[in-house]
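K.L.:
Take a look at the following structure, please.
The values are calculated or read from the model by the stated rules, or taken from the named source; none is laboratory data. On a predicted model such as this, the values are computed, not experimentally measured, just so you know. Here the Cβ positions follow ideal geometry from the backbone for every residue, glycine too, while neighbour counts run over all protein chains shown. Please note that ligands, DNA and RNA were not included when accessible areas were found on the heavy atoms of the full protein model with its side chains. Shrake-Rupley method; radii C 1.70, N 1.55, O 1.52, S 1.80 Å.
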Amino acid sequence: MSEKNRPEAPDPQDFLALDATLSAEEADIRDTVRAFADRELRPGVGDWFEEGTLPDPRGLARAFGKLGVLGMHLEGYGCAGAGAVSYGLACRELEAVDSGLRSFVSVQGSLAMFAIHRFGSEEQKNTWLPRMAAGEAIGCFGLTEPDSGSDPGSMRTRARRDGSDWVLDGTKMWITNGSVADVAVVWAATDEGVRGFVVPTDTPGFAANTVHRKLSLRASITSELVLEGVRLSGDAVLPGSSGLGSPLSCLNEARYGIVWGAVGAARACYTATLDYATTREQFGGPIAGFQLTQRKLADMVLDVNQAGLTAMRIGRLKEEGACHRNHISLGKFGNVAAAQRVARAARSLHGANGITLEYPVMRHMVNLETVATYEGTEEIHALSIGQAVTGVSAFR
Ligand code: TGC
Ligand code: FAD
């Protein structure tokens, strides 16, 4: 067998040469999103995190819209119709800057837009999707409640019929972009089971309150949604939605983005550490020269590359139409844990500098606490995998 393609040494930034398997179009999307992230996001993100907000969410939405990443994996209605790996690469490059920025794109495209695209009427799709794809309208996705997180089936938000109208009452909690959204996709219990509703946020009775004092995902807006007698016309319901499986199928899309995003956060921490360890000197030489440091770097390389392989495999399965939701659970479960290990090691190798916002590592480390919690906690995905391999549910 010819070895003419054998490199002198593996590329420290892509040890398993995974990106060499990308098509030209996928590599182009990666480069375009990476260049945008370096130019438009990276310079400001430390300040946004410190301030605990996104200073210009509407400008950011429009910039993401122009870049073409909002609902980029959806077909029609102004969406790019990109492949699963291309969408994953966009998530990876955005989360290499900050999990909160990938979240912005995930919630808009994989949750709010996906729900309308999958379950909406033609009128709902035409009204909202082109504007959301362009970043002219911001969407949010309200499933979680103060007392219903991992167990969304216990939700108390209720939609009742009143003549031809629907009336919604309840509270949603921890809703990304809730207080800057133009439209909320709200999931509510009805006499026919759980259904989704398209709620313009200027509807009387709808209010959103921003959650303050977060110690994680600070470059992201998180809100409580309060619905008090929110009266909607009969056509506000997502006609295709039926039962808890409907919102859960949207989660698969966003979880898939996290599978890739976690690789980006891990890679960013590893890259920063490699740079730091080769330049920081103690005991007369670079700390990269110590055996204990090299062990940590080797563990990071392993985690980043194994997570990358997992993401790529799940992406290709998705493109083949062969991806099961438990494949995504495995990816979310494994890749977020891998990113957390990398971020913690990265923080320790940065010493005191590692606790500041001058370096990205602790910001990623604390963001990953949210990433491990939302879209199904580590325990929920472990139980999903356990159920898949044993056939026994241990949720209750
Ligand atoms: P269970 O009886 O198992 O299921 C009810 C129905 O749903 C179906 N189903 C799914 N369908 C599609 N995709 C999935 N992932 C599905 N999981 C279940 C299931 O087949 C069943 O269908 P049917 O036809 O038989 O009725 O429901 P359960 O009450 O036992 O709960 C199962 C569990 C725990 C796995 C589920 O509730 C769960 O995933 N909990 C975690 C909740 C969660 O992830 N919330 C995320 C909220 S959104 C968010 O966090 C956004 S963060 C922002 C960002 O992404 O950046
Ligand atoms: P709980 O469900 O109360 O869980 C607490 C602990 O109990 C966890 O460790 C959990 O794993 C464990 N646990 C629960 N059940 C079991 C079990 N059966 N077996 C073993 N352990 C169990 N939601 C939205 O709908 N839309 C959004 O846009 C959104 N954005 C978010 C943004 C941020 C910054 C955060 C932090 C959360 C967001 N969420 C959003 C909510 C998120 O999905 C929930 O926080 C998550 O599903 C967990 O729910 P919980 O916080 O109520 O924890």
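K.L.:
Within straight cross-link reach of K332, meaning Cα distance under 28 Å, which lysines are found once same-chain residues fewer than 8 apart are removed?
P.N.:
K172, K214, K296, K318
K.L.:
Please state the shape class of the stretch 18-133: rounded when a/c is under 1.5, otherwise prolate if a/b exceeds b/c and oblate if not, all from the C-alpha gyration tensor.
P.N.:
Since a/c reaches 1.5 but b/c is at least a/b, the shape of the stretch 18-133 is classed as oblate.
K.L.:
Could you name the lysines whose alpha carbon sits less than 21 Å from that of K125, not counting residues in the same chain fewer than 8 places away?
P.N.:
Hits, sequence-local ones excluded: K66.
K.L.:
With just the Cα atoms of the chain, tell me how far they stretch along each of the three principal axes, in Å, largest first.
P.N.:
Sorted largest first, the three principal extents are 78, 50, 44 Å.
K.L.:
Now for a different question. Would you tell me the accessible area of L383, worked out with a 1.4 angstrom probe on the heavy atoms of the protein chains, in Å² to the nearest 10?
P.N.:
60
K.L.:
Explain nothing, just the number: relative contact order of the chain, from Cα pairs under 8 Å at least 6 residues apart, as a whole percent.
P.N.:
So the answer I get is 17 percent.
K.L.:
Lys and Arg at +1, Asp and Glu at -1: add these up for the other residues within a Cβ distance under 15 Å of E50 and post the number.
P.N.:
Spelling it out: positives minus negatives among the neighbours equals +1.
K.L.:
Considering only DSSP states other than H, G, I, E and B, which trypsin sites (Lys or Arg not before Pro) in the stretch 186-249 qualify as loop sites with at most 10 other Cβ atoms within 10 Å?
P.N.:
Qualifying residues, ordered by number: R213.
K.L.:
Anyone know which of G315, G88, G76 comes out most mobile in the 10 Å Cα GNM of the chain?
P.N.:
So, out of G315, G88, G76, the one fluctuating most is G76.
K.L.:
How much net charge surrounds E192 when only other residues with a Cβ under 14 Å from its Cβ are counted (Lys, Arg +1; Asp, Glu -1)?
P.N.:
After counting each charged neighbour, the total is +3.
K.L.:
Could you please state, rounded to a whole Å, how far the C-alpha centre of the stretch 1-74 is from the C-alpha centre of the stretch 377-396?
P.N.:
A separation of 33 Å, based on Cα centres.
K.L.:
A further question on this structure: Could you state the accessible area per residue of the chain in Å², with a 1.4 Å probe and every protein chain left in place?
P.N.:
In whole numbers, the chain has 44 Å² accessible per residue.
K.L.:
In a GNM of the chain with a 10 Å cut-off on Cα contacts, which of D14, D38, D56 has the highest mean-square fluctuation?
P.N.:
Maximum fluctuation in the GNM of the chain, among the listed residues, is at D56.
K.L.:
Carbon and sulfur together cover what percent of the accessible area of the chain at a 1.4 Å probe radius?
P.N.:
Ligands and nucleic acids excluded, carbon and sulfur reach 52 percent.
K.L.:
With an 8 Å cut-off on Cα pairs and a minimum separation of 6 or more residues, tell me the relative contact order of the stretch 18-133 in percent.
P.N.:
Relative contact order here is 29 percent.
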